[in-house]
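Report on the structure given below.
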Amino acid sequence: MTDAGTTDLVRVRLDLAYDGAAFAGWAAQPGLRTVQGVLEEALTTVLRLPVPARLTVAGRTDAGVHARGQVAHVDVPLSAWEAVPGRSAHRPEEALLTRLTGVLGRAGASDVVVTGVRVAPPGFDARFSAVWRRYAYRIADEPRRRDPLARAHVLWHPRPLDVAAMAAAGAWLLGEHDFAAYCKPREGATTIRTLLDLHWRRAGEGEPDAGLVVATVRADAFCHSMVRALVGAHLAVGEGRRGVEWPREVLAAGRRDPAVTVAPARGLTLEEVGYPDDVHLAARALEARAVRTLPTPPATG
């Protein structure tokens, strides 16, 4: 059932993973290969829809950015949903997952995988119901850590980084702020976000990212290029070109700083999207649609 309360559509949640290297980002664009375009084409084929499927995603990723825990939803006509299993005994969820896997494989789209399919609970919206998104940025700052098999997912940095200084700088940015200094402006869009986590660490031996410098960045939402701009500012701190206070000073200035270099896309992966309990999905979606403003400071004097 859709949010509109009709019963002729079924809202389906898709969990996704993809290697962004060969995609021009998530959003469909004429003449370009995008994650949305590939998936919508596969869904339209599998469901035999008379009009193209339309996906709503938790977070639009830029060209070259990867995802391990992306979430999207699609509204499917009830008749098409019930027809998915065909003559098999599978449930529609199982049948759609199997058939999408086959169609994507035949289309050569092995760099995007649907990892889960389920009917969404009432009130679910992949974008607006989300309460946070978590990204990781991976950096190899030592030549011996440069794995050529992972070169499309890890930034190879030419100089060693002071991880402790980067961690100290990140701690000062937590909370609700106007992140205009770290976002590409979009007309009519707010840049107020709540940054829940921003920490840096060097992964220990025996861990999957052993020896790499890894940033974990989690917020209720992100504006365009925000994570990579934050990473770029912290790289300047890690190299010793800027002090640990500099990222906070950039934030306080409230405008895009040309001194902040946007880090390359290949090191960035969307790891996970968080949602509230099912009973709070609709309320969260309504809250997220509201345009946010920062509290007005109390008058002085």
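The values are calculated or read from the model by the stated rules, or taken from the named source; none is laboratory data. No experiment lies behind these values; they were computed from the predicted model shown. Virtual Cβ from ideal backbone geometry, glycine too; neighbours counted across all protein chains shown.
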Could you please let me know if LEU196 is outside any strand (DSSP E or B), within 21 Å of the chain's Cα centre (by Cα), assigned by TED's automatic domain parsing to the domain that holds ASP220 and at pLDDT 95 or above? no
Looking at (1) within 23 Å of VAL71 (Cα to Cα); (2) part of a strand (DSSP E or B); (3) not assigned by TED's automatic domain parsing to the domain that holds GLY86, find the lone condition where VAL117 falls short. (3)
The lone exception for THR45 - which of (1) part of a helix (DSSP H, G or I); (2) within 23 Å of LEU281 (Cβ to Cβ) it fails: (2)
Checked against (1) under 18 Å from VAL131 (Cα atoms); (2) buried (at least 20 other Cβ atoms within 10 Å of the Cβ); (3) over 21 Å from the mean Cα position of the chain (by Cα), PRO247 satisfies every condition except (1)
Which residue, of ALA285, ALA263, is of a type outside the set (Val, Ile, Thr), out of contact with any Pro (no Cβ under 7 Å at 6 or more places or on another chain), outside the structural domain of ARG193 (by TED's automatic domain parsing) and closer than 30 Å to ALA17 by Cα? ALA285
Of the listed residues (GLY170, GLY188, GLY211), the one being surrounded by 15 or more Cβ atoms within 10 Å (Cβ to Cβ) and assigned to a loop (DSSP other than H, G, I, E, B) is GLY211
The condition of being without any contact (Cβ under 8 Å) to a residue 12 or more places away in the chain, among the basic types (Lys, Arg) and part of a loop (DSSP other than H, G, I, E, B) holds, among ARG292, ARG241, ARG255, only for ARG241
Whichever residue in the range 72-97 is buried (at least 17 other Cβ atoms within 10 Å of the Cβ) and part of a helix (DSSP H, G or I) and, among such residues, is nearest to the chain's Cα centre (by Cα): LEU97
Select, from LEU161, LEU198, LEU155, the only residue that is within 14 Å of PRO247 (Cβ to Cβ) and surrounded by 15 or more Cβ atoms within 10 Å (Cβ to Cβ). LEU198
Within the range 39-63, the residues that are of a type in the set (Gly, Ala, Ser) and either under 18 Å from ARG127 (Cα atoms) or buried (at least 20 other Cβ atoms within 10 Å of the Cβ) (or both) are ALA42, ALA53, ALA58, GLY59
Name the one entry in GLY64, GLY69 that is assigned to a loop (DSSP other than H, G, I, E, B), closer than 30 Å to CYS223 by Cα and either among the acidic types (Asp, Glu) or at pLDDT 95 or above (or both). GLY64
